[in-house]
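First up is the structure itself, then whatever we jot down about it.
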């Protein structure tokens, strides 16, 4: 079970993230170029329409928030699975250590 949780964390870390229709990379390798390009295109479009000040969609901030959320969830899954795996391993070692003296007692 712990291995499944760890694997789910790794898979979540490798899944691509998108925000507002823009690719933001993965939790392990964020990529803001798509967000920066979308912001630039929106500002150019706004300037061509004659809008002053432009509309700020903040694609880069949305990408940062999504990547940060996915990174947090992935690291929590991997950490929880690792702790569960460590607990199981320590339990097995402790049980083996307790059962060894009983096996050694003999004539």
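What follows draws every value from the coordinates through simple rules; no lab data is involved. Because the structure is a prediction, the values reported are computed rather than measured. When we count neighbours, we look across all protein chains shown, and the Cβ atoms used for this are built from the backbone with ideal geometry, even at glycine.
What order do you get for 39, 51, 64 when you list them from fewest to most C-beta neighbours inside 10 Å? Write down the numbers at each step before the final one.
Numbers: 39 19, 51 11, 64 16.
Arranged by neighbour count, lowest to highest, 39, 51, 64 become 51, 64, 39.
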Checklist entry - Among [x] 72; [y] 86; [z] 95, which is the computed volume of the Cα convex hull per residue in Å³? => result [x]
Checklist outcome for this item: Ranked on Cβ counts within 10 Å of their own Cβ, fewest leading, 69, 43, 99 go 99, 69, 43
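When the helix-only estimate is applied to the chain (DSSP H runs of n ≥ 4, each -39,500 (n - 2.57), divided by the residue count), what is the mean residue ellipticity at 222 nm, nearest 500 deg cm²/dmol?
On the way: 3 runs with 76 residues, N = 107.
Computed mean residue ellipticity for the chain: -25000 deg cm²/dmol.
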Item to check | Contact order relative to length of the range 2-104, as percent, for alpha carbon pairs under 8 angstrom and 6 or more apart | outcome: 36 percent
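Fewest to most neighbouring Cβ within 10 Å: what's the order for 49, 66, 71? Could the numbers behind the result be given before it?
Working: 49 9, 66 20, 71 17.
Lowest to highest Cβ neighbour count: 49, 71, 66.
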